[in-house]
1. If you scan region 171-216, which residues turn out to be among the polar types (S, T, N, Q) and at pLDDT below 90?
2. Taking region 43-63, which residues are free of Cβ contacts under 8 Å to residues at least 12 places away in the same chain and in a helix (DSSP H, G or I)?
3. Quick check on region 154-204: of everything there that is closer than 17 Å to H221 by Cβ and either assigned to a loop (DSSP other than H, G, I, E, B) or not assigned by TED's automatic domain parsing to the domain that holds L141 (or both), which residue is farthest from the chain's Cα centre (by Cα)?
4. Looking at (1) under 30 Å from R74 (Cβ atoms); (2) modelled with pLDDT of 95 or more; (3) surrounded by fewer than 17 Cβ atoms within 10 Å (Cβ to Cβ), which one does D227 not meet, given that it meets all the others?
5. Six or more apart or on different chains, Cβ under 9 Å: which pairs go from a residue in region 144-164 that's β-branched (V, I, T) to one that's part of a loop (DSSP other than H, G, I, E, B)? Could you list them?
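The values are calculated or read from the model by the stated rules, or taken from the named source; none is laboratory data. For clarity, every value in this text was computed on a predicted model and none was experimentally measured. Methodologically, a virtual Cβ is constructed for each residue, glycine included, from the backbone with ideal geometry; neighbour enumeration extends over all protein chains shown.
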Amino acid sequence: MQEQRERSEAARLSKTEFAQRMAKDVDARRRGGPNLQAKYLALAEQLPEEIVAECKEKVIEVWGKVEEELARRRRDETAAKETADFAELRRRMKRRFAEEREASSFLPAKQPAAENEEQSSEKGQEIAPTLVPVSPREALLLNPRAPYDNAQKLITEYHWHTGQRVRTLQHYQRDFWKWDGTHWVQVDDDTARSDVWKQLDCADKIVSGGKRERFEPKPDHVNGTMDALRGATSLPKSTLMPGWFGPAS
């Protein structure tokens, strides 16, 4: 009955009245309502014959535009969600890496002058930064297609001494070196890969629709992240070990 009544009313509508009625449902669509294009195409068939074709074209145009608008809004919202968790990280990394020389503990200028054994033992706690293991408060949000960005986030969360502003992982002459709290130790490739597997497995990613899910790493992700870590932490061969391997002796 309601459908018949609407059809009967449509037969008496002018173009302006038809457009005004449709505009209300278009606004409702923008607020989350249903897509009623099919309904208005059917109603347009009931309009006076001389305006049917024009009104049907208008229905397709108006509803097409609103759907494009909604699709663009969804894409923007998804992009915003994907980047929101990176904002704080970027601010922290900007502070930490703004001055490259100050951000590295591997520069000779940052090491104390040689002292006798008694003085070194007395000041040992001041010379050697104590490693504070960092675990993310919540799962990291990583991008499967951006291994270098992921490597930088892993460094920030797992390989950074906040108090001393020291990166606690370096790659030197084809090997990883990690600060263990008192000195630098060499890390074999299998151990480094195992750490990356675990760290990626604890992370999240954004999937279609803006939903957050487990990263679920695959070998390609680990290989890409390992290469990125080497690039991000690499020291030139000209850097002498006494310049970064603790106080001179």
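1. Just the residues of region 171-216 that are among the polar types (S, T, N, Q), to begin with: 173, 182, 186, 191, 194, 199, 208.
Within region 171-216, Q173, T182, S208 qualify.
2. Quick first cut of region 43-63, residues free of Cβ contacts under 8 Å to residues at least 12 places away in the same chain only: 45, 49-50, 52-53, 57, 61.
Matches in region 43-63: E49, E50, V52, A53, E57, E61.
3. Taking the candidates together, the pick is C202.
4. For D227, the failing item is (1).
5. Going by the 9 Å Cβ cut-off, the qualifying pairs are I155/T168; T156/V134; T162/V132; T162/V134.
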